[in-house]
1. Can you work out which of the residues in region 209-242 that are more than 17 Å from LEU186 (Cα to Cα) and of a type in the set (Gly, Ala, Ser) is surrounded by the most Cβ atoms within 10 Å (Cβ to Cβ)?
2. Starting from region 128-146, keep only residues that are under 12 Å from ARG112 (Cβ atoms), then list their pairs with residues that are among the basic types (Lys, Arg) and outside any helix (DSSP H, G or I) whose Cβ atoms are within a distance under 7 Å, requiring at least 6 positions of separation or different chains.
3. Any residue in region 239-253 that's within 16 Å of ARG211 (Cα to Cα) and of a type in the set (Phe, Trp, Tyr): show its pairings with residues that are assigned to a helix (DSSP H, G or I) and at pLDDT 90 or above at Cβ separation under 6 Å, as long as the two are six or more apart or on different chains.
4. Give region 40-71 a look and list any residue that's surrounded by 13 or more Cβ atoms within 10 Å (Cβ to Cβ) and of a type in the set (Lys, Arg), or say none.
5. Considering only residues that are in a helix (DSSP H, G or I) and either under 15 Å from the mean Cα position of the chain (by Cα) or buried (at least 21 other Cβ atoms within 10 Å of the Cβ) (or both), which ones fall in region 72-102?
6. Among the residues in region 175-182, are any crowded, with 16+ Cβ neighbours inside 10 Å, touching a Pro at 6+ places or on another chain (Cβ under 6 Å) and not small (Gly, Ala, Ser)?
Amino acid sequence: MPRGQAVSRILHVDPALLNTLRAHGLDSVDGAFTHAGSFNMTPHWLGYRERMVLWLDDDHGRKVTLFMKRYRREPLRQRLRRMIDQPGTTSPAAAEMAAIHAVAGLGIPTMRVAICGEQDRPRRSYIIVTQVPGEALEQCGGVFVRRCMKDGQLLQEFNNHLAGLVARLHRAGLFHRDLYSSHVYLDAKGPAGIELYLIDLARLFRPRWRRRHWQVKDLAQLRYSMPPEWVDGCWREFLDIYVRSVPCPRVDCLERDTQRKCGWIARHDRALRRKRKQEPLL
């Protein structure tokens, strides 16, 4: 192979979506990076990363909603961090694919990988995933929780599902690192009753040390972003359910550490918003 020639690899493709992807030129790295997308969701501060919604027609003329992430060359610091945190992965897209498969393997509902590919020269990668049912708890959580307050059985079911999801992840030694309510989707209209889906798994990892730190961080992110009425009325019950499945110190210690971390998140969030307001749009 001539020196400097691009080497592309498709790491995974869902056979059920291959024809749709191929029809839109999304079955190759070059095609993915020239595709304009249907809607660009990329905020200006994401740098080398891009996020897009794809509204595609399938073989039968039906609309299919997919989500694409494209990664251009990682900064060296990010690449080294990924190699440490997610060993064995060859690109950011490959790391997210591995995370999705790991979460699905635990029985936690999540996205399905439609396709994932990477290229060596220039170094870039992409992943396309399916849409999950329902809405993010960030959007629908307040309304749903207020409805649950009138139905104790429904509220108990929701708390059991949410605590069970987080506990299953942590019991396996995996931590999300971005476990805000915007990344937990609630489907309350399906035939199985309440179903929760975990998304945005790009940062998921299995730490070798400081597991307590990452446990508290995940829990604090969830608490910080959930509706206040749920935090006031259900947080302690959520923790009680959680600690029955995940070995950890006394629940009072976990509550104290989580509250302290929530305060740090609030201060960091305010500083980040101020910084982003001051940044010029690119």
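The values are calculated or read from the model by the stated rules, or taken from the named source; none is laboratory data. What you see is a predicted model; the values in this text were computed from it and never measured. Because the Cβ atoms are built from the backbone with ideal geometry, glycine has one as well, and the counts that use them run over all protein chains shown.
1. By that ranking, first place goes to ALA220.
2. What qualifies is VAL129/ARG112; THR130/ARG112.
3. TYR242/ALA163; TYR242/ALA167
4. Within region 40-71, ARG49, ARG51, LYS69, ARG70 qualify.
5. Those that are in a helix (DSSP H, G or I) and either under 15 Å from the mean Cα position of the chain (by Cα) or buried (at least 21 other Cβ atoms within 10 Å of the Cβ) (or both): PRO92, ALA93, ALA94, ALA95, GLU96, MET97, ALA98, ALA99, ILE100, HIS101, ALA102.
6. So far as region 175-182 goes, no, none of its residues is crowded, with 16+ Cβ neighbours inside 10 Å, touching a Pro at 6+ places or on another chain (Cβ under 6 Å) and not small (Gly, Ala, Ser).
The rows are residues; the columns are (1) in a strand (DSSP E or B); (2) without any contact (Cβ under 8 Å) to a residue 60 or more places away in the chain; (3) under 22 Å from GLN139 (Cα atoms); (4) out of contact with any helix residue (DSSP H, G or I) (no Cβ under 8 Å at 6 or more places or on another chain).
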position	(1), (2), (3), (4)
ALA188	yes, yes, yes, no
LEU196	yes, no, yes, no
ALA202	no, no, yes, no
ASP218	no, yes, yes, no
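Per-residue answers, yes or no, for (1) without any contact (Cβ under 8 Å) to a residue 12 or more places away in the chain; (2) part of a loop (DSSP other than H, G, I, E, B); (3) under 21 Å from ARG124 (Cα atoms):
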{"residue": "ARG22", "(1), (2), (3)": "yes, no, yes"}
{"residue": "GLY25", "(1), (2), (3)": "yes, yes, yes"}
{"residue": "ASP30", "(1), (2), (3)": "no, no, yes"}
{"residue": "GLY37", "(1), (2), (3)": "no, yes, yes"}
{"residue": "THR42", "(1), (2), (3)": "yes, yes, yes"}
{"residue": "ARG51", "(1), (2), (3)": "no, no, yes"}
{"residue": "HIS60", "(1), (2), (3)": "yes, yes, no"}
